[in-house]
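Student: Dropping the structure in here first, questions after.
The values are calculated or read from the model by the stated rules, or taken from the named source; none is laboratory data. Everything numeric here is computed off the predicted structure, so don't read it as measured data. Heads up, the Cβs are rebuilt from the backbone with ideal geometry, glycines too, and the neighbour counts pull from every protein chain shown. Accessible surface areas use protein heavy atoms only, side chains included; no ligands, DNA or RNA. Shrake-Rupley method; radii C 1.70, N 1.55, O 1.52, S 1.80 Å.
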Protein chains: 2
Amino acid sequence: MTRKVKGSDPRDGRSTRWSAHREARRDELVLAAVAAIDAHGPQAGVGEIAAAAGVSKPVLYRYFADKADLHAAVGTWGAGVVMERLLPALLSEGTVRERVDLGCEAYLAAIEEHPNVFLLLVAHRVESDADPLADGKAAIAAAMARVLGDTLRELGVDAAGAEPWAHGLVGLGLSTGEWWLTRRTMSRAAVRGYLAAFVWHAFEGLAREYGVDLTDSAPDDPDDPDRADERGGTP
Amino acid sequence: MTRKVKGSDPRDGRSTRWSAHREARRDELVLAAVAAIDAHGPQAGVGEIAAAAGVSKPVLYRYFADKADLHAAVGTWGAGVVMERLLPALLSEGTVRERVDLGCEAYLAAIEEHPNVFLLLVAHRVESDADPLADGKAAIAAAMARVLGDTLRELGVDAAGAEPWAHGLVGLGLSTGEWWLTRRTMSRAAVRGYLAAFVWHAFEGLAREYGVDLTDSAPDDPDDPDRADERGGTP
DNA sequence: GATAACCGTTACTTCAAGTAACAGATAACT
DNA sequence: AGTTATCTGTTACTTGAAGTAACGGTTATC
């Protein structure tokens with residue numbers, strides 16, 4: 001069954017004294033759940049997670065409405081790890097192709113560190129009446145849509161494609177990542193090469209349709225003619 | 001729990017008389033399950049599916065090892081529907097861009113007819129010891145890998161990227177489809193345009209890296225100079 | 001001293017997946 | 001004609017994981 005976490009309507013110090021503690025405790029339990037999923041896989045049960053966290057199930061249910069809420073927290077944590085590696089790479093200096101390549105490398109490195117958390121994030125689905133951003137995938141897509149949308153607006157073109165392209169990009173990356181983590185038939189460098197090339201050519205071609213040339217300049221320094229040293233390319 | 005469906009080692013007519021019947025019956029039950037999922041959503045339980053099929057649960061469990069086996073059958077059915085629309089479009093006459101556009105249109109039309117079956121297919125995961133092709137997604141990716149691999153080999157270039165690109169393509173398509181079906185913030189024509197443009201530019205750029213020009217010819221008739229009428233393009 | 005909310009625990013409930021066990025029908029075999 | 005194999009149907013039942021009730025102790029605030 002599903003129900004809301006007990007709401008707290010603080011009236012005095014006896015109740016407010018616990019607010020910061022509750023947030024810290026919930027974060028601690030999320031990290032413990034992450035460790036348990038890392039160790040036991042995305043199909044670990046609530047009892048297993050509680051045991052690994054050194055608490056009993058009622059303690060977990062004090063902080064999470066249900067198993068889905070706990071999974072949402074783990075997936076959101078995983079999305080945070082991916083984004084804190086991916087976004088700096090995408091916004092770094094360098095040509096667009098370099099940044100795409102760095103972004104793919106950052107992404108694959110992040111999911112390789114926590115493969116089971118990643119596989120839980122990919123598989124997880126929020127109920128239709130829940131906050132869509134409780135889904136790690138949707139959180140990543142929202143961040144990508146913002147970056148793409150801002151970029152398209154800076155170029156002075158229609159930004160309506162940002163959201164479908166962001167969701168498509170997330171699907172492209174997650175499905176490739178899931179395949180790679182479960183099959184391991186090629187190296188990370190090879191996967192990065194194929195993924196980055198795919199994304200780069202999609203970006204370059206879409207930009208060209210809008211009249212923008214991404215092939216030899218960084219958007220923040222388009223007047224520099226000496227930027228010929230490019231990484232990337234299909235392995 | 002999970003166990004295999006009872007194996008049948010036919011010895012005489014009393015047992016062999018049922019073989020064709022069992023296959024037909026299973027197919028009938030899959031279609032009934034598809035109808036139930038269509039009506040009640042991907043989260044419909046086994047009891048609900050059985051009731052909608054007009055049978056009791058033990059009857060379902062005679063033909064399916066467990067709920068996951070039933071879901072695999074429904075997902076495989078959905079993948080079959082997608083592929084029987086998608087593959088003819090991809091292999092039709094016309095330029096590559098036209099075929100990509102037709103493929104996206106065929107795909108979105110197929111998933112719009114059975115949105116709940118599609119959402120089940122997307123969410124479904126097979127256990128690690130099961131046949132990977134029992135997963136509808138993997139079945140579609142395998143078909144795409146074959147088409148891409150054959151195409152790359154016909155071009156005389158390295159086909160190693162076929163598999164990661166196929167999985168990436170499937171992820172791109174499924175994630176875009178899932179987002180569109182659950183959000184419906186734009187028309188199917190608009191989604192098709194964005195998706196097709198992304199895929200087309202990725203293909204065109206990758207092919208160009210291999211020294212192949214896709215921009216104005218169909219691969220099966222590259223000597224025809226009059227093929228200038230192209231569909232597609234970003235909305 | 002009373003109160004609010006934390007901590008711990010085990011026993012317990014709930015519910016959906018999955019099965020046991022029964023009897024009847026039909027066609028193939030002996 | 002009798003036996004056998006597998007189908008059909010059913011309801012009651014088991015299983016196991018999610019989730020909760022209920023209890024007492026601790027600590028800081030009122």
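Student: Per residue of A:155-167, what is the mean number of Cβ atoms on other protein chains within 10 angstrom of that residue's Cβ? Mind dumping the intermediate values first?
Tutor: Details: counts 0, 0, 1, 2, 0, 6, 10, 1, 7, 15, 7, 3, 11.
If you average over the peptide's residues, the count of other-chain Cβ atoms is 5.
Student: What net charge is computed for the residues neighbouring A:Val59, neighbours being all others with C-beta under 13 Å from the C-beta of A:Val59, Lys and Arg scored +1, Asp and Glu -1?
Tutor: Details: positive: A:Arg22, A:Arg25, A:Arg26, A:Lys57, A:Arg62; negative: A:Glu28.
Every neighbour counted, the sum reads +4.
Student: Separate question: Give the interface area between chains B and A as buried accessible surface, both sides summed, probe 1.4 Å, in Å² to the nearest 100. Could the numbers behind the result be given before it?
Tutor: Details: alone 13080 and 13090 Å², together 23110 Å².
Summing both sides, the interface buries roughly 3100 Å².
Student: Step through the table entries A:Lys67/A:Lys137; A:Lys137/B:Lys137; A:Lys67/B:Lys57; B:Lys67/B:Lys137, compare each Cα-Cα distance with 22 Å, and write down the pairs that go over it. Could you put the intermediate results ahead of the total?
Tutor: Numbers: A:Lys67/A:Lys137 18 Å; A:Lys137/B:Lys137 18 Å; A:Lys67/B:Lys57 27 Å; B:Lys67/B:Lys137 18 Å.
With Cα atoms farther than 22 Å apart: A:Lys67/B:Lys57.
Student: Could I ask something else about it? Count charges around A:Ile111 for me, please; just the other residues with Cβ under 11 Å from its Cβ, Lys/Arg as +1, Asp/Glu as -1.
Tutor: In short, -1.
Student: If we hang a label 7 Å off Cα along the beta carbon direction at A:Ser15, how far is it from the matching labels on the other copies, in nm, shortest first?
Tutor: Copy-to-copy label distances at A:Ser15, shortest first: 7.0 nm.
Student: Running a GNM on chain A with Cα contacts under 10 Å, which residue among A:Ala138, A:Ala51, A:Ala73 ends up with the highest mean-square fluctuation?
Tutor: A:Ala51
Student: List, in order, the whole-Hz ³J(HN,Hα) value for each residue of segment A:78-85 obtained from phi through the Karplus relation with A = 6.51, B = -1.76, C = 1.60 and θ = phi - 60°; use x for Gly and Pro.
Tutor: Taking θ as phi minus 60°, the curve returns x, 4, x, 4, 4, 5, 6, 9 Hz for segment A:78-85.
Student: Note down the net charge around B:Ala68, summing +1 for each Lys or Arg and -1 for each Asp or Glu among other residues with Cβ under 9 Å from its Cβ.
Tutor: Neighbourhood net charge equals -1.
Student: Can I ask one more? In whole Å, what are the extents of segment B:66-235 along the principal axes defined by its C-alpha atoms, from largest to smallest?
Tutor: Its Cα atoms span 56, 36, 22 Å along the three principal axes.
Student: Placing a label point 7 Å from Cα toward Cβ, how far apart in nm is B:Glu84 from its equivalents in the other copies, listed shortest first to one decimal?
Tutor: Distances between equivalent label points, in nm: 5.0.
Student: Please check: in the Gaussian network model of chain A (C-alpha springs, under 10 Å), which one of A:Asp69, A:Asp213, A:Asp12 has the largest mean-square fluctuation.
Tutor: A:Asp12
Student: Moving on to the next point. How do B:Thr176, A:Thr185 rank by accessible surface area computed with a 1.4 Å probe, from largest to smallest?
Tutor: Ranked list, largest accessible area first: A:Thr185, B:Thr176.
Student: I'd like the Karplus ³J(HN,Hα) series for segment B:130-136: coefficients 6.51, -1.76, 1.60, θ = phi - 60°, whole numbers in Hz, and an x wherever there's a Gly or Pro.
Tutor: Ordered by residue, 3J(HN,Hα) equals 8, 5, x, 6, 5, 8, x Hz.
Student: Keeping all protein chains in position, work out how much accessible area B:Thr16 exposes to a 1.4 Å probe, and write it in Å² to the nearest 10.
Tutor: Answer for B:Thr16: close to 70 Å² accessible.
Student: Sticking with this one: For B:Ser92, B:Ser128, write out the residues from largest to smallest accessible area, computed with a 1.4 angstrom probe and no ligands counted.
Tutor: Order by accessible area, largest first: B:Ser128, B:Ser92.
Student: By accessible area of protein heavy atoms, probe 1.4 Å, what ranking do B:Lys57, B:Lys67 get, highest first?
Tutor: Heavy-atom accessible area, descending, gives B:Lys57, B:Lys67.
Student: Which distance in Å, rounded to a whole number, links the C-alpha centroids of segment B:10-71 and segment A:49-68?
Tutor: Centre-to-centre distance over Cα atoms comes out at 37 Å.
Student: Hey, got the average number of other protein chain Cβ atoms within 10 angstrom for residues in B:204-211?
Tutor: If you average over the peptide's residues, the count of other-chain Cβ atoms is 4.
Student: Could you work out, residue by residue across B:132-142, how many beta carbons of other chains sit within 10 Å of that residue's beta carbon, and then give the average as an integer?
Tutor: 1
Student: Using only C-alpha atoms and all pairs of different ones, pull out the Kirkwood radius for segment A:1-146 in Å with one decimal.
Tutor: Hydrodynamic radius (Kirkwood, Cα pairs) of segment A:1-146 is 16.7 Å.
Student: Run the accessible area of the protein assembly as shown with a 1.4 Å probe and give the carbon-and-sulfur part as a rounded percent.
Tutor: 53
Student: Separate question: Tell me the distances, shortest first, between A:Asp27 and the same position across the other copies, using label points 7 Å along Cα→Cβ, in nm to one decimal.
Tutor: Copy-to-copy label distances at A:Asp27, shortest first: 5.9 nm.
Student: Can you tell which of B:Trp18, B:Trp77, B:Trp165 shows the greatest fluctuation in a Gaussian network model of chain B with Cα springs below 10 Å?
Tutor: B:Trp18
Student: How long is the protein assembly as shown along each principal axis, judged by its Cα atoms, biggest number first, in Å?
Tutor: 80, 63, 39
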